[in-house]
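Input: a single structure, listed below in structure tokens.
The values are calculated or read from the model by the stated rules, or taken from the named source; none is laboratory data. The structure displayed is predicted, hence computed values, not measured ones. Every residue, glycine among them, receives a Cβ derived from its backbone with ideal geometry; neighbour counts consider all protein chains shown.
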Amino acid sequence: MPRFDVHDHRHALKQLKDTGATSLWENRKDLACPVCDAPFDRLFTTRETGATFPENDGARFCLLRDEDAIHLFRH
């Protein structure tokens, strides 16, 4: 399974927000996504089990991580 350690790539990322449990980063050096190898724009990290993301393109979505998988629910 691909892994991504923010601290290993800190030189290429700018932190935009940090709540202690979640953080938002901007990719300043075109780092590749560890899943698809394409450069990404933003990175959201969380230690929470679930997160809700507000509408961006007209649809809100929620993310849930459990022991077996990460689930994305689009509303």
- May I ask you to list the residues in segment 25-59 that are over 20 Å from ARG74 (Cβ atoms) and touching a strand residue (DSSP E or B) at 6+ places or on another chain (Cβ under 9 Å)? TRP25, GLU26, ASN27, ARG28, LYS29, ASP30, LEU31, ALA32, ALA38, PRO39, THR45, ARG47
- Message: I'm checking my understanding of the structure. Among residues of segment 18-28 that are under 24 Å from LEU64 (Cα atoms) and more than 12 Å from the chain's Cα centre (by Cα), which one is surrounded by the fewest Cβ atoms within 10 Å (Cβ to Cβ)?
- Response: GLY20
- Message: Pairs needed: first member in segment 15-35, modelled with pLDDT of 90 or more; second member anywhere, surrounded by fewer than 12 Cβ atoms within 10 Å (Cβ to Cβ) and in a loop (DSSP other than H, G, I, E, B); C-beta distance under 8 Å; at least 6 residues apart or different chains.
- Response: GLU26/ASP41; ASN27/ASP41; ALA32/ALA38
- Task: Please enumerate the residues belonging to segment 36-71 that are under 19 Å from THR22 (Cβ atoms), aliphatic (A, V, I, L, M) and at pLDDT 90 or above.
- Result: LEU43
- Query: In segment 4-28, what residues are of a type in the set (S, T, N, Q) and assigned to a loop (DSSP other than H, G, I, E, B)?
  - Reply: THR19
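Residue-by-condition table, conditions (1) among the charged types (D, E, K, R); (2) surrounded by fewer than 10 Cβ atoms within 10 Å (Cβ to Cβ); (3) not in a loop (DSSP other than H, G, I, E, B):
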| site | (1), (2), (3) |
| --- | --- |
| ASP30 | yes, no, no |
| VAL35 | no, no, no |
| LEU43 | no, no, yes |
| THR52 | no, no, yes |
| GLY58 | no, yes, no |
| ASP68 | yes, yes, no |
| HIS71 | no, no, yes |
- Query: For segment 37-75, what are the residues that are among the small types (Gly, Ala, Ser) and at positive phi?
  - Reply: GLY58
